[in-house]
Amino acid sequence: MNFTTSIYKPLLLTGAACCAVGCAQKEATPKRYNIVYIMTDDHTEQMISCYNKRFAHTPNIDRIAENGVRFTSSFVANSISGPSRACLMTGKHSHKNGKVNNDHNFDNDQQTMPKLLQTAGYQTAMIGKWHLGGTPQGFDYWEILPGQGDYYQPDFITPNGRVRETGYVSDIITDKSINWLESRQEDKPFCLFVHHKGPHRNWMPKLSDLSAYEDSVFPLPETFYDDYAGRVAAQTAEMRIASEHDMDLVNDNKVYTGTETSRLSGMYNWKDSLGSYGRMSAAEKEQWNAFYGPIISDFKARNLSGKELAEWKYQRYLKDYIKTAKAVDDNIGRLLDYLEKEGLMENTLIVYTSDQGFYMGEHGWFDKRFMYEESLRTPLVMHLPKDLKRRGDVTEMVQNIDHAPTFLEIAGVQVPQDIQGESYLPYLMGEKPEHVRDAIYYHYQEYPAEHAVKRHYGIRTERYKLIHFYNDVDEWEFFDLQKDSLEMNNLINDPAYAQLIEEHKVKLKALQEKYDDPIRFEYQ
Ligand code: SGN
Ligand code: CA
């Protein structure tokens with residue numbers, strides 16, 4: 001499949017684009033919309049009210065979707081931060097861009113979408129969580145968090161060195177984004193990447209949000225007490241809320257009075273002045289402790305164990321997570337207000353997404369990594385410029401490798417042949433692309449590592465999912481998502497599905513070949 005030809009055509013037909021690079025004739029006027037790409041860290045569909053109203057209220061993310069589109073089948077190619085960001089930047093699967101796990105270095109010298117936009121005359125800026133290592137390239141302006149960054153008094157790495165800011169990270173990232181918009185050249189289109197830290201672990205809310213959602217009692221997911229029968233890799237994963245090893249009372253549930261110790265150290269060592277708690281000012285710590293103090297006393301007095309303890313941790317986890325996400329949503333509102341005030345809504349594509357989905361107690365878990373729905377999915381909603389007519393739900397399958405070719409098309413840049421993603425611009429224009437995917441490919445490789453999720457690859461079609469866990473195991477899983485949306489019933493040995501499983505293995509092999517993944521299975 002030649003993606004470039006197939007996806008480039010619809011835009012040319014509307015007369016909206018002409019290649020800005022290497023094109024002799026400019027017959028058509030490129031629209032060259034501005035792009036504001038907002039990405040959070042670990043924010044999952046279940047916790048966004050335009051996807052699911054049971055838990056959290058996210059009025060500003062909903063506001064983006066209201067006048068635009070909501071993708072209902074949006075997936076990542078590798079459910080972990082660094083690799084997901086590399087997929088965004090390159091439009092390629094992890095094995096092609098080289099960033100296969102969080103530890104691996106990203107080669108910043110390679111072709112990236114921001115570089116191509118910059119060459120085509122876009123002003124580009126990257127503010128917030130980078131998580132690719134090295135020095136960002138292709139941006140006129142950048143200020144990035146070191147590693148995971150911190151919630152309070154975060155450091156930023158800038159071209160001029162490292163600076164420590166005062167305040168809460170989501171507010172600061174938004175201030176920096178608005179400041180950059182204020183100072184940009186108004187006669188050129190721009191692409192701004194706003195990459196929030198929130199709501200990443202260890203879910204530290206902003207002080208003014210501490211009391212939000214305190215009266216809520218969240219329903220337990222149906223699969224909270226999953227016994228992982230028939231799913232071998234799930235049995236050994238270390239991401240259980242109920243486990244004191246996996247979800248730590250001190251680091252994660254804030255049960256800290258000054259004497260408790262935690263297995264988790266480094267930046268989350270609360271005693272360390274560089275740790276996330278240690279970074280708070282004395283006044284901030286006082287407010288923090290005044291809030292958590294009574295919760296901790298009550299918890300200690302109840303001496304919980306077993307299911308009661310697991311459910312207490314679940315309730316505290318959801319509260320802290322949702323409060324942390326609230327600060328992000330409030331700040332998205334602030335950014336939208338600014339864009340509205342500046343009259344930028346009509347010619348700007350505003351994308352809201354996350355680097356992957358997350359478990360909010362489903363299968364008893366937190367974290368991500370698995371190819372199961374909660375973490376394979378990632379929220380994706382967009383406000384569209386006036387001339388992009390589509391509204392409502394886009395149900396076709398899209399993946400995070402698709403942003404790069406889409407943004408390039410919008411900028412009128414010829415999409416390079418080696419980009420593996422497919423532009424979703426035709427959907428935004430209310431058209432059908434020439435090629436509609438019937439399957440997405442996934443490959444996760446961070447093992448052995450924290451949370452102990454085995455390496456695996458697989459495909460998801462509209463109705464089915466085939467996964468192969470490999471490396472130190474050799475386990476296949478097959479799910480019928482229509483009959484078993486919670487993925488509890490592995491059908492790999494069910495004779496009734498044998499034919500379908502064979503067909504999916506053929507399809508998986510074909511995609512591994514098409515994407516040229518060097519790690520493939522031998523089909524016999
Ligand atoms: C940290 C977290 C993990 C998380 C990874 C990757 N541990 O190591 O729970 O899976 O980041 O997250 S913590 O104790 O340091 O919080 S990612 O989103 O950046 O990939
Ligand atoms: Ca993440």
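The values are calculated or read from the model by the stated rules, or taken from the named source; none is laboratory data. Bear in mind the structure is a predicted one, so any value in this text is a computation, not a measurement. Counting neighbours? That spans all protein chains shown, and the Cβs are built from the backbone with ideal geometry, glycine included. Each accessible area value is taken on the protein alone, full model and side chains, heavy atoms only, with ligands, DNA and RNA left out. Shrake-Rupley method; radii C 1.70, N 1.55, O 1.52, S 1.80 Å.
The table below lists the values:
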| quantity | calculated |
| --- | --- |
| 16 Å reach of a label modelled at Ser49, 7 Å along Cα-to-Cβ, counting backbone N of the stretch 196-224 | 212-217 |
| Average accessible surface area per residue within the stretch 43-100, 1.4 Å rolling probe, Å² | 25 Å² |
| 5 angstrom amide H check on Gln123, placed H, neighbours 5+ away | Phe190, Cys191 |
| The stretch 130-257 - percent relative contact order, Cα under 8 Å, separation 6 or more | 14 percent |
| Convex hull per residue volume in Å³, alpha carbons only, for the stretch 34-142 | 121 Å³ |
| For q = 0.10 Å⁻¹, Debye-computed log10 I/I(0) when each Cα of the chain counts as one equal scatterer | -0.79 |
| Sequence ranges 447-460, 158-171, 222-235, 298-311, ranked by mean other-Cβ count within 10 angstrom, highest first | 447-460, 222-235, 158-171, 298-311 |
| DSSP beta bridge pairing in the chain, given as percent antiparallel to the nearest 5 | 55 percent |
| Cut-off under 5 Å, modelled amide H: who pairs with Asp226 long-range | His363, Gly364 |
| Rough spin-label spacing in nm, given labels placed 7 Å along Cα→Cβ, for Glu222 and Ala496 | 1.7 nm |
| For the stretch 446-456, 3J(HN,Hα) per residue [Karplus equation, 6.51 cos²θ - 1.76 cosθ + 1.60, θ = phi - 60°, Hz, x = Gly/Pro] | 7, 7, x, 6, 3, 6, 6, 8, 4, 5, 7 |
| Positive-end residue of Gly392, Ile144, Leu116, charge dipole of the chain with Cβ unit charges | Leu116 |
| Percent of Cα-Cα distances greater than 16 Å, calculated over the stretch 41-83 | 43 percent |
| Kyte-Doolittle at least -1.0, axis length at least 20 Å by Cα - qualifying DSSP helices, the chain | 169-183, 282-302, 306-341, 498-514 |
| Surface share of carbon and sulfur [accessible, 1.4 angstrom probe, percent] for the chain | 48 percent |
| The chain, relative contact order [Cα under 8 Å, separation at least 6], % | 25 percent |
| Using distinct alpha-carbon pairs, which all enter the 1/r mean, Kirkwood radius of the stretch 139-248 in Å | 17.8 Å |
| Alpha-carbon centroid distance for the pair the stretch 490-524 / the stretch 286-313, whole angstrom | 47 Å |
| Distant-in-sequence amide H partners of Ser354 (H built 1.01 Å from N, under 5 Å) | Thr40 |
